[in-house]
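The values are calculated or read from the model by the stated rules, or taken from the named source; none is laboratory data. In this text, all values refer to a predicted model and were calculated from it rather than measured experimentally. Backbone-built Cβ (ideal geometry, glycine too); neighbour counts: all protein chains shown.
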Amino acid sequence: MSNKNSIAIVGASGMVGRKLLEVLEEIDLNIERLYLFASKNSAGDKLTFKDEEITILELTEENIKSRHIDFALFSAGGAVSLEYAPIFVRYGAVVIDNSSTWRMNSNIPLIVPEVNPQAVLAHSGIISNPNCSTIQCVLPLQVLKKYGLKSVSYTTYQAVSGSGMKGNADLIRTQKGESPTFYPYSIYNNILPQIDIFLDNGYTKEEMKMVEETRKILELEDLEISATCCRVPISNCHSVSMHIELEKPFKIEEIMEDMRNFPGIILLDNVSEKVYPLASIANNKNEVFIGRIRKDCSNPKKIQLFCVADNIRKGAATNTIQIAKLLIDSKTT
Ligand SMILES: NC(=O)c1ccc[n+]([C@@H]2O[C@H](COP(=O)([O-])OP(=O)(O)OC[C@H]3O[C@@H](n4cnc5c(N)ncnc54)[C@H](OP(=O)(O)O)[C@@H]3O)[C@@H](O)[C@H]2O)c1
(Lines give C-alpha, C1' and ligand atoms only; values in the text may rest on other atoms or scores of the structure.)
Protein backbone atom coordinates (compact mmCIF):
# COMPACT_ATOMS: atom_id res chain seq x y z
CA MET A 1 0.00 0.00 0.00
CA SER A 2 1.27 3.49 -0.86
CA ASN A 3 2.23 5.71 2.08
CA LYS A 4 1.62 8.78 -0.01
CA ASN A 5 -1.40 10.93 0.65
CA SER A 6 -3.90 12.60 -1.57
CA ILE A 7 -5.01 15.93 -0.08
CA ALA A 8 -7.84 18.33 -0.93
CA ILE A 9 -8.16 21.93 0.22
CA VAL A 10 -11.76 23.14 0.25
CA GLY A 11 -11.87 26.93 0.19
CA ALA A 12 -8.41 27.07 -1.40
CA SER A 13 -8.81 30.63 -2.74
CA GLY A 14 -9.59 32.09 0.71
CA MET A 15 -7.37 33.52 3.42
CA VAL A 16 -6.97 30.22 5.30
CA GLY A 17 -6.95 28.11 2.11
CA ARG A 18 -3.98 30.02 0.67
CA LYS A 19 -2.13 29.68 3.97
CA LEU A 20 -2.84 25.93 3.97
CA LEU A 21 -1.03 25.77 0.63
CA GLU A 22 1.93 27.68 2.06
CA VAL A 23 2.17 25.55 5.24
CA LEU A 24 1.84 22.34 3.20
CA GLU A 25 5.12 23.33 1.56
CA GLU A 26 6.75 23.45 5.01
CA ILE A 27 5.20 20.49 6.88
CA ASP A 28 5.67 17.33 4.85
CA LEU A 29 2.52 15.22 4.53
CA ASN A 30 4.06 13.01 1.86
CA ILE A 31 1.66 14.31 -0.75
CA GLU A 32 0.90 12.35 -3.89
CA ARG A 33 -1.89 14.55 -5.29
CA LEU A 34 -3.23 17.92 -4.21
CA TYR A 35 -6.72 19.02 -5.25
CA LEU A 36 -8.01 22.55 -4.77
CA PHE A 37 -11.72 23.31 -4.43
CA ALA A 38 -13.62 26.59 -4.12
CA SER A 39 -16.92 28.07 -5.31
CA LYS A 40 -17.65 28.48 -8.97
CA ASN A 41 -16.41 32.10 -8.70
CA SER A 42 -12.81 30.87 -8.50
CA ALA A 43 -13.11 27.58 -10.38
CA GLY A 44 -10.56 27.61 -13.21
CA ASP A 45 -8.20 30.01 -11.38
CA LYS A 46 -4.75 28.66 -10.68
CA LEU A 47 -2.72 28.59 -7.45
CA THR A 48 0.91 27.55 -7.09
CA PHE A 49 2.15 24.67 -4.94
CA LYS A 50 5.86 23.81 -5.01
CA ASP A 51 6.33 25.69 -8.30
CA GLU A 52 3.48 23.81 -9.92
CA GLU A 53 0.25 25.50 -10.99
CA ILE A 54 -2.92 23.75 -9.81
CA THR A 55 -6.32 24.63 -11.22
CA ILE A 56 -9.12 25.24 -8.71
CA LEU A 57 -12.10 22.92 -9.14
CA GLU A 58 -15.69 23.86 -8.42
CA LEU A 59 -16.91 22.11 -5.27
CA THR A 60 -19.49 19.60 -6.50
CA GLU A 61 -20.18 16.00 -5.55
CA GLU A 62 -19.30 14.99 -9.12
CA ASN A 63 -15.82 16.50 -8.73
CA ILE A 64 -15.30 14.74 -5.38
CA LYS A 65 -16.41 11.26 -6.27
CA SER A 66 -14.19 10.91 -9.31
CA ARG A 67 -11.08 11.50 -7.17
CA HIS A 68 -9.40 9.50 -4.42
CA ILE A 69 -8.86 11.82 -1.44
CA ASP A 70 -7.30 10.81 1.90
CA PHE A 71 -7.57 14.14 3.74
CA ALA A 72 -9.89 17.06 2.98
CA LEU A 73 -8.83 20.28 4.71
CA PHE A 74 -11.92 22.50 4.92
CA SER A 75 -11.86 26.31 5.15
CA ALA A 76 -14.92 27.45 3.24
CA GLY A 77 -17.32 28.45 6.03
CA GLY A 78 -19.95 26.61 8.05
CA ALA A 79 -22.58 26.04 5.38
CA VAL A 80 -20.09 24.39 3.02
CA SER A 81 -18.76 22.18 5.84
CA LEU A 82 -22.25 21.12 6.82
CA GLU A 83 -23.13 20.07 3.28
CA TYR A 84 -19.84 18.75 1.94
CA ALA A 85 -17.87 17.26 4.86
CA PRO A 86 -20.18 14.20 5.04
CA ILE A 87 -19.87 13.78 1.25
CA PHE A 88 -16.06 13.69 1.43
CA VAL A 89 -16.30 11.20 4.32
CA ARG A 90 -18.69 9.03 2.29
CA TYR A 91 -16.09 8.85 -0.49
CA GLY A 92 -13.37 7.79 1.97
CA ALA A 93 -11.68 11.00 3.11
CA VAL A 94 -10.94 12.22 6.62
CA VAL A 95 -12.13 15.82 6.95
CA ILE A 96 -10.34 18.38 9.12
CA ASP A 97 -12.68 21.33 9.37
CA ASN A 98 -11.94 24.96 10.24
CA SER A 99 -15.54 26.08 10.63
CA SER A 100 -17.46 25.98 13.91
CA THR A 101 -20.08 23.58 12.47
CA TRP A 102 -18.98 20.39 14.24
CA ARG A 103 -16.80 21.66 17.05
CA MET A 104 -19.18 21.11 19.95
CA ASN A 105 -20.56 17.81 18.65
CA SER A 106 -19.62 15.28 21.33
CA ASN A 107 -18.70 12.66 18.71
CA ILE A 108 -16.27 14.94 16.90
CA PRO A 109 -12.77 15.49 18.26
CA LEU A 110 -11.66 19.11 18.70
CA ILE A 111 -7.91 19.00 18.51
CA VAL A 112 -4.86 21.06 19.32
CA PRO A 113 -2.00 18.60 18.80
CA GLU A 114 0.21 19.91 21.63
CA VAL A 115 -2.70 19.68 24.09
CA ASN A 116 -5.05 16.75 23.38
CA PRO A 117 -3.48 14.61 20.62
CA GLN A 118 -4.94 11.41 22.14
CA ALA A 119 -8.50 12.59 21.41
CA VAL A 120 -7.93 12.46 17.64
CA LEU A 121 -8.06 8.67 17.56
CA ALA A 122 -11.78 8.66 18.41
CA HIS A 123 -12.72 10.32 15.11
CA SER A 124 -15.20 8.79 12.72
CA GLY A 125 -14.38 10.84 9.65
CA ILE A 126 -14.59 14.48 10.76
CA ILE A 127 -12.18 16.30 13.07
CA SER A 128 -12.65 19.93 14.07
CA ASN A 129 -10.02 22.60 14.27
CA PRO A 130 -10.88 24.94 17.16
CA ASN A 131 -11.58 28.66 16.95
CA CYS A 132 -8.37 30.62 16.28
CA SER A 133 -8.30 32.51 19.60
CA THR A 134 -9.06 29.34 21.55
CA ILE A 135 -6.19 27.39 19.97
CA GLN A 136 -3.52 29.82 21.11
CA CYS A 137 -4.92 30.05 24.67
CA VAL A 138 -5.17 26.34 25.42
CA LEU A 139 -1.40 25.86 25.10
CA PRO A 140 -0.52 28.01 28.14
CA LEU A 141 -3.59 26.65 29.96
CA GLN A 142 -2.33 23.11 29.40
CA VAL A 143 0.97 24.18 31.01
CA LEU A 144 -0.93 25.56 34.01
CA LYS A 145 -3.27 22.58 34.36
CA LYS A 146 -0.99 20.88 36.88
CA TYR A 147 -1.66 23.71 39.34
CA GLY A 148 -5.44 23.14 39.01
CA LEU A 149 -7.32 25.61 36.81
CA LYS A 150 -9.97 27.34 38.92
CA SER A 151 -11.05 30.15 36.62
CA VAL A 152 -10.03 31.78 33.35
CA SER A 153 -10.90 35.18 31.93
CA TYR A 154 -9.95 36.15 28.37
CA THR A 155 -9.80 39.60 26.78
CA THR A 156 -8.91 39.38 23.10
CA TYR A 157 -7.49 41.83 20.58
CA GLN A 158 -8.22 40.11 17.27
CA ALA A 159 -6.84 41.06 13.86
CA VAL A 160 -9.03 41.70 10.82
CA SER A 161 -7.56 38.67 9.03
CA GLY A 162 -9.71 36.63 11.42
CA SER A 163 -12.68 37.70 9.29
CA GLY A 164 -11.04 36.42 6.10
CA MET A 165 -10.67 38.46 2.91
CA LYS A 166 -13.65 40.67 3.84
CA GLY A 167 -12.03 41.85 7.08
CA ASN A 168 -8.82 42.96 5.41
CA ALA A 169 -10.77 44.72 2.67
CA ASP A 170 -12.79 46.66 5.29
CA LEU A 171 -9.62 47.82 7.08
CA ILE A 172 -8.17 49.12 3.79
CA ARG A 173 -11.50 50.69 2.79
CA THR A 174 -12.01 52.53 6.10
CA GLN A 175 -8.36 53.63 6.22
CA LYS A 176 -9.13 55.53 3.00
CA GLY A 177 -12.09 57.22 4.70
CA GLU A 178 -14.71 55.10 2.96
CA SER A 179 -17.67 53.52 4.80
CA PRO A 180 -17.39 49.93 6.06
CA THR A 181 -19.22 47.24 4.15
CA PHE A 182 -18.44 44.31 6.46
CA TYR A 183 -18.00 45.47 10.09
CA PRO A 184 -20.82 47.50 11.71
CA TYR A 185 -18.43 50.47 12.25
CA SER A 186 -15.16 51.67 10.78
CA ILE A 187 -12.48 49.26 11.98
CA TYR A 188 -9.81 51.86 11.20
CA ASN A 189 -9.02 53.91 14.33
CA ASN A 190 -11.50 51.85 16.36
CA ILE A 191 -11.76 48.83 18.65
CA LEU A 192 -15.01 46.93 18.17
CA PRO A 193 -16.18 45.00 21.26
CA GLN A 194 -18.18 42.68 19.04
CA ILE A 195 -17.05 39.62 17.07
CA ASP A 196 -19.90 37.67 15.49
CA ILE A 197 -23.51 38.06 16.65
CA PHE A 198 -24.83 38.77 20.15
CA LEU A 199 -26.53 35.92 22.01
CA ASP A 200 -29.33 36.07 24.58
CA ASN A 201 -26.86 35.99 27.50
CA GLY A 202 -25.22 39.25 26.34
CA TYR A 203 -22.07 37.50 25.12
CA THR A 204 -21.12 37.24 21.45
CA LYS A 205 -20.95 33.93 19.62
CA GLU A 206 -17.14 34.27 19.41
CA GLU A 207 -16.93 34.72 23.19
CA MET A 208 -19.06 31.63 23.86
CA LYS A 209 -16.97 29.64 21.35
CA MET A 210 -13.89 30.44 23.44
CA VAL A 211 -15.68 29.43 26.63
CA GLU A 212 -17.13 26.14 25.36
CA GLU A 213 -14.21 25.04 23.21
CA THR A 214 -11.67 25.65 26.00
CA ARG A 215 -13.68 23.40 28.32
CA LYS A 216 -13.95 20.68 25.67
CA ILE A 217 -10.27 20.65 24.67
CA LEU A 218 -9.00 20.68 28.26
CA GLU A 219 -11.70 18.21 29.35
CA LEU A 220 -12.70 20.56 32.18
CA GLU A 221 -16.47 20.79 31.85
CA ASP A 222 -16.92 22.89 34.99
CA LEU A 223 -14.10 25.37 34.44
CA GLU A 224 -15.22 28.89 35.42
CA ILE A 225 -14.49 30.84 32.27
CA SER A 226 -15.49 34.07 30.60
CA ALA A 227 -14.39 36.13 27.59
CA THR A 228 -14.58 39.56 25.99
CA CYS A 229 -13.58 39.52 22.33
CA CYS A 230 -12.58 42.68 20.47
CA ARG A 231 -11.67 43.33 16.84
CA VAL A 232 -8.69 45.70 16.50
CA PRO A 233 -7.35 47.47 13.41
CA ILE A 234 -4.30 45.34 12.80
CA SER A 235 -3.97 43.11 9.78
CA ASN A 236 -2.80 39.83 11.32
CA CYS A 237 -2.22 38.01 14.65
CA HIS A 238 -4.54 37.76 17.63
CA SER A 239 -3.44 38.89 21.11
CA VAL A 240 -5.14 37.67 24.27
CA SER A 241 -4.79 38.94 27.83
CA MET A 242 -5.40 35.95 30.10
CA HIS A 243 -6.31 36.13 33.79
CA ILE A 244 -6.16 32.76 35.51
CA GLU A 245 -6.89 31.55 39.03
CA LEU A 246 -4.98 28.45 40.15
CA GLU A 247 -5.91 26.05 42.93
CA LYS A 248 -2.39 25.17 44.07
CA PRO A 249 0.47 27.48 45.08
CA PHE A 250 2.86 28.36 42.26
CA LYS A 251 6.11 30.18 41.56
CA ILE A 252 6.28 32.49 38.56
CA GLU A 253 9.84 31.32 37.76
CA GLU A 254 8.66 27.69 37.57
CA ILE A 255 5.74 28.61 35.35
CA MET A 256 8.12 30.47 33.05
CA GLU A 257 10.37 27.42 32.87
CA ASP A 258 7.39 25.15 32.11
CA MET A 259 6.22 27.53 29.35
CA ARG A 260 9.74 27.63 27.89
CA ASN A 261 9.82 23.81 27.71
CA PHE A 262 6.34 23.27 26.26
CA PRO A 263 6.21 22.37 22.54
CA GLY A 264 4.70 25.09 20.40
CA ILE A 265 5.26 27.90 22.93
CA ILE A 266 7.95 30.54 22.69
CA LEU A 267 8.42 32.44 25.94
CA LEU A 268 9.22 36.13 25.44
CA ASP A 269 9.31 37.52 28.95
CA ASN A 270 11.99 39.93 30.06
CA VAL A 271 10.30 43.19 30.91
CA SER A 272 13.51 44.92 31.99
CA GLU A 273 14.61 44.62 28.36
CA LYS A 274 11.07 45.33 27.05
CA VAL A 275 10.81 41.75 25.77
CA TYR A 276 7.19 40.57 25.40
CA PRO A 277 5.02 39.06 22.65
CA LEU A 278 3.96 41.28 19.76
CA ALA A 279 1.87 40.72 16.64
CA SER A 280 4.85 41.82 14.57
CA ILE A 281 6.92 39.02 16.11
CA ALA A 282 4.25 36.30 15.83
CA ASN A 283 3.33 37.18 12.25
CA ASN A 284 3.92 34.25 9.88
CA LYS A 285 5.18 32.01 12.72
CA ASN A 286 3.69 28.68 13.76
CA GLU A 287 4.30 29.08 17.51
CA VAL A 288 2.31 30.72 20.30
CA PHE A 289 4.18 33.57 22.02
CA ILE A 290 3.74 34.02 25.78
CA GLY A 291 4.95 36.82 28.05
CA ARG A 292 4.07 39.40 30.73
CA ILE A 293 3.59 36.51 33.19
CA ARG A 294 2.98 37.97 36.62
CA LYS A 295 1.16 37.35 39.87
CA ASP A 296 -2.10 39.29 40.15
CA CYS A 297 -1.32 42.25 42.45
CA SER A 298 -4.75 41.93 44.12
CA ASN A 299 -5.02 38.13 44.45
CA PRO A 300 -1.96 35.86 44.95
CA LYS A 301 -3.89 32.85 43.59
CA LYS A 302 -4.20 34.46 40.17
CA ILE A 303 -1.76 35.12 37.36
CA GLN A 304 -1.92 37.34 34.29
CA LEU A 305 -0.22 36.65 30.99
CA PHE A 306 -0.23 37.88 27.40
CA CYS A 307 -0.55 35.43 24.50
CA VAL A 308 -0.01 36.24 20.81
CA ALA A 309 -0.21 33.99 17.73
CA ASP A 310 -0.69 34.14 13.99
CA ASN A 311 -4.41 33.35 13.68
CA ILE A 312 -4.12 32.22 10.07
CA ARG A 313 -1.18 29.92 10.86
CA LYS A 314 -1.48 28.38 14.37
CA GLY A 315 -5.10 29.55 14.61
CA ALA A 316 -6.07 27.77 11.39
CA ALA A 317 -3.73 26.38 8.69
CA THR A 318 -0.83 25.15 10.81
CA ASN A 319 -3.05 23.49 13.41
CA THR A 320 -5.07 21.80 10.64
CA ILE A 321 -1.96 20.38 9.01
CA GLN A 322 -0.50 19.34 12.37
CA ILE A 323 -3.71 17.34 12.95
CA ALA A 324 -3.30 15.63 9.56
CA LYS A 325 0.34 14.88 10.43
CA LEU A 326 -0.73 13.43 13.77
CA LEU A 327 -3.08 11.04 11.98
CA ILE A 328 -0.51 10.08 9.36
CA ASP A 329 2.15 9.45 12.01
CA SER A 330 -0.30 7.40 14.11
CA LYS A 331 -0.87 5.12 11.09
CA THR A 332 2.82 4.62 10.43
CA THR A 333 3.96 4.00 14.03
N1 LIG B 1 -9.41 33.76 9.08
C2 LIG B 1 -9.17 33.12 10.23
O3 LIG B 1 -8.40 33.59 11.13
C4 LIG B 1 -9.80 31.82 10.52
C5 LIG B 1 -9.29 31.10 11.57
C6 LIG B 1 -9.86 29.88 11.89
C7 LIG B 1 -10.91 29.43 11.14
N8 LIG B 1 -11.41 30.15 10.10
C9 LIG B 1 -12.53 29.59 9.36
O10 LIG B 1 -12.07 29.15 8.09
C11 LIG B 1 -13.10 29.32 7.11
C12 LIG B 1 -12.60 30.18 5.97
O13 LIG B 1 -12.18 31.41 6.47
P14 LIG B 1 -11.32 32.44 5.58
O15 LIG B 1 -10.90 33.46 6.56
O16 LIG B 1 -10.30 31.76 4.76
O17 LIG B 1 -12.48 33.02 4.62
P18 LIG B 1 -12.35 33.67 3.16
O19 LIG B 1 -11.06 34.34 2.98
O20 LIG B 1 -13.59 34.47 2.99
O21 LIG B 1 -12.41 32.39 2.15
C22 LIG B 1 -13.56 31.62 1.98
C23 LIG B 1 -13.27 30.46 1.05
O24 LIG B 1 -14.44 29.64 0.99
C25 LIG B 1 -14.79 29.44 -0.39
N26 LIG B 1 -16.23 29.28 -0.55
C27 LIG B 1 -17.21 30.12 -0.18
N28 LIG B 1 -18.42 29.62 -0.54
C29 LIG B 1 -18.19 28.44 -1.15
C30 LIG B 1 -19.00 27.44 -1.74
N31 LIG B 1 -20.34 27.57 -1.76
N32 LIG B 1 -18.42 26.35 -2.26
C33 LIG B 1 -17.08 26.21 -2.26
N34 LIG B 1 -16.24 27.12 -1.71
C35 LIG B 1 -16.79 28.22 -1.16
C36 LIG B 1 -14.30 30.68 -1.08
O37 LIG B 1 -14.21 30.44 -2.47
P38 LIG B 1 -14.38 31.62 -3.57
O39 LIG B 1 -13.11 32.39 -3.52
O40 LIG B 1 -14.58 30.87 -4.83
O41 LIG B 1 -15.59 32.42 -3.15
C42 LIG B 1 -12.96 30.87 -0.38
O43 LIG B 1 -12.02 29.98 -0.94
C44 LIG B 1 -14.29 29.87 7.88
O45 LIG B 1 -15.10 28.80 8.30
C46 LIG B 1 -13.65 30.54 9.06
O47 LIG B 1 -14.53 30.64 10.17
C48 LIG B 1 -10.86 31.34 9.76
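What the table below lists for this structure:
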item: Residue that is of a type outside the set (D, E, K, R), more than 30 Å from VAL211 (Cβ to Cβ), within 23 Å of the chain's Cα centre (by Cα) and within 14 Å of the ligand (Cβ to nearest atom), where the choices are LEU20, LEU29, LEU36, LEU110; result: LEU36
item: The one condition in (1) of a type outside the set (Phe, Trp, Tyr); (2) buried (at least 22 other Cβ atoms within 10 Å of the Cβ); (3) in contact with a helix residue (DSSP H, G or I) (Cβ under 8 Å, 6 or more places away or on another chain); (4) closer than 28 Å to LEU73 by Cα that ILE187 fails to fulfil; result: (4)
item: Segments classed as strands (runs of 3 or more DSSP E), wholly inside region 68-160, with at least 2 members that are of a type in the set (Lys, Arg) and either in contact with a Leu (Cβ under 9 Å, 6 or more places away or on another chain) or farther than 26 Å from ARG33 by Cβ (or both); result: none
item: Selection status of GLU212, within 16 Å of the ligand (Cβ to nearest atom), surrounded by fewer than 20 Cβ atoms within 10 Å (Cβ to Cβ) and under 23 Å from PRO113 (Cβ atoms); result: yes
item: Verdict on GLY148 being at pLDDT below 95 and either assigned by TED's automatic domain parsing to the domain that holds ASP222 or out of contact with any strand residue (DSSP E or B) (no Cβ under 9 Å at 6 or more places or on another chain) (or both); result: no
item: Count of region 87-107 residues which are out of contact with any Lys or Arg (no Cβ under 7 Å at 6 or more places or on another chain) and more than 15 Å from the ligand (Cβ to nearest atom); result: 8
item: Residue ID - nearest to the ligand (Cβ to nearest atom), chosen from residues in region 47-74 that are β-branched (Val, Ile, Thr) and without any contact (Cβ under 8 Å) to a residue 60 or more places away in the chain; result: ILE56
item: Unique match (being within 14 Å of the chain's Cα centre (by Cα), under 22 Å from SER241 (Cα atoms), aliphatic (A, V, I, L, M) and away from the ligand (no atom under 14 Å from the Cβ)) among VAL143, VAL115, VAL152; result: VAL115
item: Close pairs (6 angstrom Cβ cut-off, 6 or more residues apart or separate chains): in contact (Cβ under 8 Å) with a residue 12 or more places away in the chain and under 21 Å from LYS205 (Cβ atoms) in region 104-125, of a type in the set (Lys, Arg) and not in a helix (DSSP H, G or I) anywhere; result: LEU110/ARG103
item: Residues located in region 215-233, provided they are surrounded by 17 or more Cβ atoms within 10 Å (Cβ to Cβ) and out of contact with any strand residue (DSSP E or B) (no Cβ under 8 Å at 6 or more places or on another chain); result: PRO233
item: Matching residues in region 236-256 - criterion: being charged (D, E, K, R) and under 25 Å from the mean Cα position of the chain (by Cα); result: GLU245
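Let's see how each residue does on (1) buried (at least 19 other Cβ atoms within 10 Å of the Cβ); (2) away from the ligand (no atom under 16 Å from the Cβ); (3) within 26 Å of ASN116 (Cβ to Cβ):
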site	(1), (2), (3)
VAL160	yes, no, no
GLY177	no, yes, no
ILE191	no, yes, no
ILE244	yes, yes, yes
ASP258	no, yes, yes
